[in-house]
1. Output the residues belonging to the stretch A:25-77 that are within 17 Å of B:K11 (Cα to Cα) and away from every other protein chain (no Cβ under 14 Å).
2. So, in the stretch A:67-97, how many residues would count as being within 30 Å of A:G3 (Cβ to Cβ) and either in contact (Cβ under 8 Å) with a residue 12 or more places away in the chain or in contact with a helix residue (DSSP H, G or I) (Cβ under 8 Å, 6 or more places away or on another chain) (or both)?
3. Identify, please: which residue in the stretch A:206-220 is in contact (Cβ under 8 Å) with a residue 12 or more places away in the chain and either more than 18 Å from A:D257 (Cα to Cα) or more than 19 Å from the chain's Cα centre (by Cα) (or both) and is, among those, surrounded by the most Cβ atoms within 10 Å (Cβ to Cβ)?
4. Starting from residues that are of a type in the set (S, T, N, Q) and assigned to a strand (DSSP E or B), keep the ones in the stretch A:162-207 and report whichever is farthest from A:D124 (Cα to Cα).
5. Filter the stretch B:1-32 for residues that are away from chain A (no Cβ under 14 Å) and not hydrophobic (A, V, I, L, M, F, W, C) and give the result.
6. Being under 23 Å from A:F102 (Cα atoms), more than 11 Å from chain A (Cβ to nearest Cβ) and either of a type outside the set (A, V, I, L, M) or in contact (Cβ under 8 Å) with a residue 12 or more places away in the chain (or both) narrows it down to one of B:D35, B:D76, B:D68, so name that one.
7. Of everything in the stretch A:41-56, what is in a strand (DSSP E or B) and in contact with a Lys or Arg (Cβ under 9 Å, 6 or more places away or on another chain)? Give them in sequence order.
8. On the basis of being within 14 Å of another protein chain (Cβ to nearest Cβ), within 16 Å of B:I2 (Cα to Cα) and either touching a residue at least 60 places away in the same chain (Cβ under 8 Å) or not hydrophobic (A, V, I, L, M, F, W, C) (or both), does B:V91 make the cut?
Amino acid sequence: MTGVRVLVGTRKGAFTLTSDGKRADWTVSGPHFGGWEIYHVAGSPANPDRLYASQSSGWFGQVIQRSDDGGKTWEPVGNDFTYQGEVGEHLWYDGTPRPWEFKRIWHFEPAKDDPDTVYAGAEDAALYKSTDGGKTWQELTALRTHETGPKWQPGAGGMCLHTIILDPANPNRIYVAISAAGAFRSDDGGASWVPINRGLRSGEIPDEDSEVGHCVHRLAMHPSRPDVLFMQKHWDVMRTDDAGGSWREVSGNLPSDFGFPIGVHAHEPETIYVVPIKSDSEHYPPEGKLRVYRSRTGGEEWEPLTNGLPQRDCYVNVLRDAMAIDSLDPCGIYFGTTGGQVYGSADGGDTWTPIVRDLPAVLSVEVQALP
Amino acid sequence: MIRVVLPAHLKNLARVSGEVRLEVAEPVTQRTVLDALEDRFPMLRGTIRDRRSGKRRAFIRFYACEEDLSNESPDDPLPDRVVKGEEPFIVLGAMAGG
C-alpha cells in the first residue's frame, strides 16, 4: 500500500484527506461542492479512483457526482430516484399514514468487483442499484413494499436507509438498516427481504420487541465472518452470530450504550469500536470526554481510548456514517465530529491525532487504502 | 434569445458563468424556458423543478422585470421584455438561513 485517502462528507461540502502509509502527514483537499450537504462519499473497492458522492440541498434537491480520478475532477451523473410502482404509505411521526417521498441519498455501497455497480440507500427508505456507474438507478422494490412497510416510521433524522452491507462470501446476500424500521436481510440479491430484529428491545416503541420499528443506527461486519454483525442501536450495542437470526446485547461496561457509529478492526474480527454518546436527548459524549471504546472480545468488555482526544469540555457528536477503518497494518481508524474535527489513529486506536480541526459538521467518513 | 440568470450553486453545477442564453420557440413560458434550459444542461434536471410533478421546488423563486413570477402558471407567457431578451428570467434560491 502506498497510502490512504479519507473521504469526508460535511454539511457544506466534501473533503479528501490523503497521506502515505505512515498516516502522520496529511494533505487536505476541498471543499468540493462547497455549500452543499454531502451525506456520503464512497470509493469503489474494484477501482479506488472511482468515487461516488451524494450532493444535496434543501434548495436544489439531490445531485449525484462521480469521479474517475480519485476526486480530482467530478461529473454529475443520474439523479432520477423514482419509487417504482405503487408508492404506498408509511407512518409519519404523528402516527398517520404518509406517502413515501424521496428526500436524499444517505449512503453508497459500491460493489466489490465492479466499479460501475453501486447500491444507494435513500430517505424515505428505499434501496437503489446502478450498474452503469450512476447514470441510471433502479429501485429494488421488494424492500420498500415489504408487508411491514406501512408500519415503518422515521427517526428524528428522517426515515433513512443508512447502512448497506454486501456479503463478500455470498453475492446474493445483502443487509440493510433503516431508522426507525430496523435491520433487514435479503438472500436473493434484493428480490425479497426478511426483518432481522429478533432480540432487539427498544423502550421507545409500544411493543419493545416488535418485528420492526427499531431505531438501528449502524451495522458493521468483518469480511471474514459474514454471519457476525455488530449493531449500534439507538440504545444498546448488539451482536448476532447467525446472520441476524437473533441478537444479544454486548453493551457490557460502556459508560453509555447510546451512540451512532460502530466499526470492526480490519484484521481482528472480534475487535470493535463505538463512540458512546450521553443519551438520546443529549447528543454529546458523557462527561464532556470524547472517548472511543474498543472491545477486543466482540463486546461486553470495553476499554476507553483517550490518548490524543479531548478529555474535557467536548460536546460534539459523531454521526452514524462518520467512522471508518482502513485495511493497513497496523489498522487505521478515523472519525469525524459535528464540530468539524476529523481524528485519526494509525495504531488501532491507541493514540489519536486531529487530521483537520475546523471543517463544517462532518456527516460521513470513509477511507480507502491506495495501491 | 432568452436570457436566464441562475443562482451560484446551479451555475457551478452547470459550469457556466454569467447569464445563460437560450433559443426558445414560442410560446415563451416558464415551462418552455426551463425545458430548454434542462435540455442544454441535463445536470440541472431535478434541481429547479421536481422531477415527477414538474413543479417548482419549494425554495426556488422565479423573478423577471421586478416581478415575482414564482406562483404564476408555468404556462403563462413571460413578459415581453424577457421574450425580447431585454430582461433576464431570474432563477434564484429563496432566502433561508444555513
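1. none
2. Result for the stretch A:67-97: 8.
3. Checked the stretch A:206-220; the qualifying residue surrounded by the most Cβ atoms within 10 Å (Cβ to Cβ) is A:G213.
4. If we take residues in the stretch A:162-207 being of a type in the set (S, T, N, Q) and assigned to a strand (DSSP E or B), then A:S186 is farthest from A:D124 (Cα to Cα).
5. B:R3, B:S17, B:G18, B:E19, B:R21, B:E23, B:E26, B:P27, B:T29, B:Q30, B:R31, B:T32
6. After applying the criteria, what remains is B:D35.
7. If the condition is that a residue be in a strand (DSSP E or B) and in contact with a Lys or Arg (Cβ under 9 Å, 6 or more places away or on another chain), then A:G43, A:L51, A:Y52, A:A53, A:S54, A:S56 are the ones that fit.
8. For B:V91, the condition - within 14 Å of another protein chain (Cβ to nearest Cβ), within 16 Å of B:I2 (Cα to Cα) and either touching a residue at least 60 places away in the same chain (Cβ under 8 Å) or not hydrophobic (A, V, I, L, M, F, W, C) (or both) - is met.
Laboratory data are not the source of any read-out in this text; all were calculated from the coordinates shown. Keep in mind the model is a prediction, meaning the values are calculated, not measured. In this analysis, Cβ positions are derived from the backbone assuming ideal geometry, glycine residues included, and neighbour counts consider all displayed protein chains.
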